[in-house]
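Let me begin by presenting the structure, written as structure tokens, before commenting on it.
Every read-out reported here was derived from the displayed coordinates using simple, explicitly stated rules and does not represent laboratory data. In this text the structure is predicted, and so the values were computed from the model without any measurement. Cβ sites come from the backbone with ideal geometry, for glycine too, and all protein chains shown count toward neighbours.
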Amino acid sequence: MAVSNFQVANFSSAIVTFQAFATASAWLVNMSIPTNTLGSAMLGSNTMSFSLPVTMATDQVALPCAAATVPLLLTVSATAGVPAAVNIKATAGTLKTIALYNNNTTAPVFLKMYNILSASVSSASVPLFTIGVPPGAPYIFPLGDGGSFTTAMSYIITKLIVANDTTPVAINDLNGIITFI
């Protein structure tokens with residue numbers, strides 16, 4: 001049998017019930033065991049008995065889960081003309097993901113991320129990092145636990161990788177999304 005992920009179907013009094021499913025409605029393994037004692041598992045129509053010490057930490061099971069913070073979403077879309085800085089977030093935050101697509105099939109396009117407000121971005125500003133997206137290609141930049149921005153989050157889209165570049169791109173040369181909290 002392949003490795004299965006078990007879910008706790010019932011945890012009441014001293015009995016724990018685990019189930020592993022082959023499909024949404026047909027279970028492969030159904031196992032109910034008293035905590036810290038012997039257990040049995042039913043595989044199809046065959047019952048297997050085995051020793052399975054289980055210790056349930058009731059203080060961990062009973063704790064309510066904290067609400068997860070859902071990242072916000074910003075659509076990235078290149079505009080024609082001299083590149084203008086775009087504000088993502090006016091305060092400190094965490095960048096979670098950048099997913100881009102370069103619609104220009106002949107030249108790379110560059111997204112430059114700044115740890116300052118968009119109004120402060122100038123040709124003298126140095127980007128925190130730059131992402132180059134190859135011609136006609138997608139680019140996904142996952143940041144795992146996130147990239148920390150201590151002041152604010154802003155970006156600019158240009159044609160060249162040079163930090164102070166202001167070479168304009170065509171409208172919709174670069175499109176995508178940025179997620180952040």
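Descriptive notes on the structure:
- Chain lengthening between Ser120 and Leu72 when straightened (0.36 nm per residue, less Cα-Cα): 15.0 nm
- Between Ala137 and Ala90, the contour length at 0.36 nm per residue exceeds the Cα-Cα span by 13.9 nm.
- The ratio of the alpha-carbon radius of gyration of the range 72-180 to the globular-protein estimate 2.2 N^0.38 Å is 0.97.
- Evaluated at q = 0.23, 0.31 Å⁻¹: base-10 log I(q)/I(0), Debye formula over Cα of the range 84-131: -0.98, -1.32
- Extension gain (nm, one decimal) between Thr151 and Asp165, 0.36 nm per residue minus Cα-Cα: 2.8 nm
- Projected label distance in nm at Phe129 and Thr106, using a 7 Å step from Cα toward the beta-carbon: 3.1 nm
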